[in-house]
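Please read through the structure below; I'll follow up with questions.
The values are calculated or read from the model by the stated rules, or taken from the named source; none is laboratory data. As the structure is a computational prediction, the values presented were derived from the model and not from experiment. Neighbour counts run over all protein chains shown; Cβ positions are idealised from the backbone, glycine included. For accessibility, only protein heavy atoms count, side chains too; no ligands or nucleic acids. Shrake-Rupley method; radii C 1.70, N 1.55, O 1.52, S 1.80 Å.
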Amino acid sequence: MAAVTYELIKKDAKTKARRGRVTTPHGTIETPVFMPVGTAATVKAMRPEEVKEMGAEIILSNTYHLYLRPGHEIVREAGGLHKFMNWDRAILTDSGGFQVFSLGDLRKITEEGVEFRSHIDGSKHMLSPEKSIEVQTALGSDIMMAFDECAPYPADRGYVKNSLERTTRWLRRCKEAWNDRENQALFGIMQGGMYKDLRKQSAEEIVELDLPGYAIGGLSVGEPKELMCDILDDCVDYLPEDKPRYLMGVGTPDYLFEGVERGVDMFDCVLPTRIARHGMAMTSAGKVNIKNAKYERDFTPLDPECDCYTCRNYSRAYLRHLFKSNEILSAMLLSNHNLHFLINLMRQIRKAIEEDRFLEFKREFYGKYGEF
Ligand code: GUN
Ligand code: ZN
């Protein structure tokens, strides 16, 4: 039995949106899904129980960070990432590809892999397809991501073609190292930048390897929203219908709608927890900057339509006070609300697809939310 399987439950009548279910060794995931990010084996400022209570069925963590600190051998000794961080639901780990490419001058790409210097202490390391799979094996994630190269934006065609072809060769090496084991799945990653024919080439090459799932990488890297939507629309058509589709690093409310509309099943983004630490909240009436003086005596909840722990118990005035006083509870409460907001949004999106009113729901949400 494959570690991860996908079941298509329902297709929307008017768009490519679809309602599905992903089954993993650590439980099932109703899709479309938003995956909270727990880069360093923690969803920042949140206890796992809270993340669970709001209904998260899968979280994401990072090979690059855990390899450097505390080291994957320590996580292995602890009994794997699930046990180490006290999270018994599904975990997806990114391969480290994207993170090492973001290091700029600190890295060097060869056919073997990527040589880089640690952002923590400057020490020298090498990540390769085999090494990335070795680390993800030690972590014991349910879904491992292939080691890929994400081209920057903008990048010329020649560069993008080379990098997508290298990504395919690296994927073959990842598949070899993974060897279709029973308790962990491997997802391939499509690259190809903003060139539609290269996206098609990448998709054909990776789909041929018949993996349990496929991701779309190299999007939301600084290109205009219209361009991303146009490319994404094409990308999804090249992927098989019977496997989950994951759009990497995307998760603002508008992009979630645009992705779902085009047939994406899985999303992740650091945004909800990151902006929370900067005093920003996503609410049913749009963005709220809790630092704003107008909330000084506002004793109403952050989002009157939200039933999260924060909104049930605290006022905007109190949240503003916590932020202004640099209190740790500020990040905790705002992270709780923001994650709850996105997870609840996905719940509503799934229901709308089931009831064939996805576009109506999208229109209603955009009307209320305002600027993204
Ligand atoms: N996260 C966001 N984009 C990407 C990508 O293209 N590749 C990987 N591995 N992770 C990502
Ligand atoms: Zn709330």
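Output the lone cysteines of the chain: those with no second cysteine's C-beta under 4.7 Å from their C-beta.
150, 174, 229, 235, 269, 308
Which residues' amide hydrogens lie under 5 Å from the amide hydrogen of residue 189, considering only partners 5 or more residues apart or on another chain, with H built in the peptide plane?
Distant-sequence amide H within range of residue 189: 146, 215.
Also: Quick one: go through the stretch 34-49 and flag any residue whose amide nitrogen is under 19 Å from the point 7 Å out along the Cα-to-Cβ line of residue 372.
Zone members listed by number: 34-37.
I would also like to ask the following. How many nm separate the modelled label positions at residue 124 and residue 7, each set 7 Å beyond the Cα in the direction of the Cβ?
Between residue 124 and residue 7, the simple spin-label model gives 5.2 nm.
For residue 194, what is the net charge nearby, where nearby means another residue's Cβ is under 10 Å from its Cβ and Lys, Arg count +1, Asp, Glu -1?
+1
May I pose another question? Using the Karplus equation 6.51 cos²θ - 1.76 cosθ + 1.60 (θ = phi - 60°), what ³J(HN,Hα) coupling, rounded to whole Hz, does each residue of the stretch 127-143 give in order, writing x for Gly and Pro?
Using θ = phi - 60°, the values come out as 10, 9, x, 5, 5, 4, 5, 4, 5, 5, 5, 4, 5, x, 5, 6, 10 Hz.
Do you know the Lys pair count in the stretch 259-368 for C-alpha distances under 15 Å, with sequence separation 8 or more or different chains? The partial results should precede the final answer.
Numbers: 287/368; 291/324; 294/324; 351/362.
Value for the stretch 259-368: 4.
Still on this model: Among 265-278, 1-14, how do they line up from the highest to the lowest mean number of other beta-carbon atoms within 10 Å? Display every interim value, and only then the final one.
Details: 265-278: 20.8, 1-14: 15.0.
My ranking of the peptides, most packed first, is 265-278, 1-14.
By how many degrees, between 0 and 90 and to the nearest 10, does the Cα long axis of helix 328-354 differ from the longest principal axis of the chain?
Taking the Cα atoms of the chain, the angle to 328-354 is about 70 degrees.
Continuing with this model, one more query. Can you work out the accessible area per residue across the stretch 262-307, with the rest of the protein chains kept in place, probe 1.4 Å, in square angstrom?
Details: 2150 Å² over 46 residues.
Result: 47 Å² per residue.
Right, another one. Stretched out fully, how many nm does the piece from residue 76 to residue 363 gain, at 0.36 nm a residue minus the Cα gap?
Details: separation 287, 0.36 × 287 = 103.32 nm, distance 4.67 nm.
Extending this stretch completely gives an extra 98.7 nm.
Which of 233, 356, 298 moves most in a GNM of the chain, Cα contacts under 10 Å?
Among 233, 356, 298, the largest GNM mean-square fluctuation belongs to 298.
Still on this structure, please answer the following. If you fit an axis through the alpha-carbon atoms of helix 157-178 and take the longest principal axis of the Cα set of the chain, what angle between them do you get, 0 to 90°, nearest 10?
Rounded to the nearest ten degrees, it is 80.
Based on the Cα atoms of the stretch 1-125, what semi-axes does the equivalent ellipsoid have, where each is the square root of 5 times one gyration tensor eigenvalue, given in whole Å with the largest first?
Working: eigenvalues 186, 78, 37 Å².
In descending order, the three semi-axes are 31, 20, 14 Å.
Need one number: nm distance between label points at residue 166 and residue 317, each 7 Å from Cα along Cα→Cβ, rounded to one decimal.
About 5.8 nm separates the two model spin labels.
How much of the accessible area of the chain, probe 1.4 Å, is carbon plus sulfur, in whole percent? Before the final figure, lay out the partial values.
Details: 7640 of 15570 Å².
Of all accessible area on the chain, carbon and sulfur atoms account for 49 percent.
How far, in degrees from 0 to 90, does helix 225-237 lean away from the longest principal axis of the Cα atoms of the chain, to the nearest 10?
50
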